[in-house]
Amino acid sequence: MATEHERLSAESSETFDAKIAKRIGELKGVAEALREWESARNTQDELQKLLNDPTTEAELREFAIEDLAVTGEELDTLSRKLSTALTPKHPFEDMPCLIEIRPGVGGGEAALFAGDLLRMYKAYCSRKNMRSSVLKYETADGDSDASGESPLAEAILEIDSPGAYGKLRSEAGVHRVQRVPATESKGRTHTSAVGVLVLPSLPTTGSEGQEMWEADLNDPNSDYYVNSTDVRTDVMRARGAGGQHVNTTDSAIRLTHIPTNTVVSMQDSRSQHKNREKAWQLLRSKLAQARREAREEEVIKLRRGVIGVAKMGRGDKVRTYNWGQQRVTDHRSGLSVHNLDNVMEGGDELDKIIDSVKTWFGDREIEGMLAEDEAAGTTK
């Protein structure tokens with residue numbers, strides 16, 4: 001694969017071809033990981049030769065022993081990186097995404113923390129130069145936070161940058177917060193939870209890659225195809241704490257996919273047309289995710305039975321944010337960072353957590369593939 005990457009890169013330096021450029025992009029991760037691994041392996045061999053040479057001076061031998069230990073650890077890390085690069089890409093890896101945030105147990109405090117997570121992801125996207133916008137924002141009744149923000153009932157953040165789903169899909173799950181609420185008079189720590197769902201999204205009109213995905217909307221074999229005759233549309237007057245324009249026009253849209261009973265609603269815009277467009281985007285994303293999960297279910301059952309890998313997603317507690325200890329712990333990778341403020345600002349510490357979970361996912365994927373091979377061999 002690295003050889004192919006080198007050859008195609010040389011060819012594309014003279015003429016541009018879209019297919020070749022795409023293939024180069026697919027091979028780049030493996031080629032870079034292999035180059036780093038080979039460099040560390042060569043360094044290890046040179047250090048070993050120094051130690052095996054009886055003429056090596058004592059001082060130089062000490063340095064070589066220290067460097068060999070460091071290089072050994074680096075080689076282990078690069079080996080895992082190379083293995084991860086060789087695992088099959090998730091089919092939605094290169095797509096934009098939608099992040100749906102809903103308060104769970106914890107009442108008003110959970111709603112306030114949901115707003116904190118929304119701001120965290122917006123700040124993270126801004127720092128990473130990923131285009132983001134709030135697709136849906138509905139508030140709930142209750143006390144406002146310190147900045148005057150109302151409690152959040154539901155929010156959907158659209159991240160319209162290629163690769164956003166691959167970067168952020170590990171955020172799906174239950175995020176737990178432990179802190180003293182602003183309304184707590186006795187200083188007691190409360191535990192609340194917020195559910196986060198990450199959905200793959202088709203690029204919006206005019207976005208990069210739109211043409212490539214356009215055909216999916218009309219292809220019955222595509223995850224994103226939805227037969228319009230299977231969808232019931234209800235038009236109603238916007239109501240509730242959804243924006244300044246509520247209760248003024250019949251602009252709210254509710255779509256029901258009858259075969260699966262999947263329901264989505266949208267009322268954020270004054271325009272019925274825009275609400276309808278956003279609702280269809282959300283419905284397609286939810287159905288695509290459900291179809292993908294259904295296809296993976298048999299594989300998940302096999303892996304869970306062989307190596308105990310459980311399905312991660314909607315109902316699993318994935319992370320804890322502890323205000324008292326200024327600590328954030330991810331329960332999959334096991335990583336803890338003690339700079340909670342930086343995490344909530346979408347800073348480098350959040351990057352560390354996301355990358356650690358990505359590595360964890362890669363390791364589980366490799367274990368799953370080995371389990372499948374072992375099970376197949378046993379069957380034969």
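Some points to look at:
- Inter-label distance, S12 to S39: 2.0 nm, where each label sits 7 Å from its Cα along the C-beta direction.
- Square roots of 5 times each gyration tensor eigenvalue, C-alpha, the range 1-54, largest first, Å: 35, 10, 6
- With 0.36 nm allotted per residue and the present C-alpha distance subtracted, the K186-D351 stretch has 55.9 nm of extension available.
- The modelled label-to-label distance between R80 and R119, using points 7 Å beyond Cα along the C-beta direction, is 3.3 nm.
- Ranking H257, H190, H273 by solvent-accessible area of protein heavy atoms (1.4 Å probe, all protein chains present), from largest to smallest, gives H273, H190, H257.
- For the range 14-98, carbon and sulfur atoms together expose 52% of the accessible surface, with a 1.4 angstrom probe and every protein chain in place.
- In this view, the solvent-accessible surface of R176, computed with a 1.4 Å probe and all protein chains in place, comes to about 60 Å².
- Take the Cα of I20, step 7 Å toward its Cβ, do the same at T56, and the gap between the two points is 4.5 nm.
- Sorting V194, V263 by accessible area puts them as V263, V194; the probe is 1.4 Å, largest comes first, and only protein heavy atoms count.
- Once the Cα-Cα distance is subtracted from the 0.36 nm per residue extended length, the T378 to F63 segment shows a gain of 108.5 nm.
The values are calculated or read from the model by the stated rules, or taken from the named source; none is laboratory data. Computed from a predicted model, the values in this text were never measured in an experiment. Glycine also receives a Cβ, built like all others from the backbone with ideal geometry; neighbour counts cover every protein chain displayed. These area figures cover heavy atoms from the full protein model, side chains too; ligands, DNA and RNA do not enter into them. Shrake-Rupley method; radii C 1.70, N 1.55, O 1.52, S 1.80 Å.
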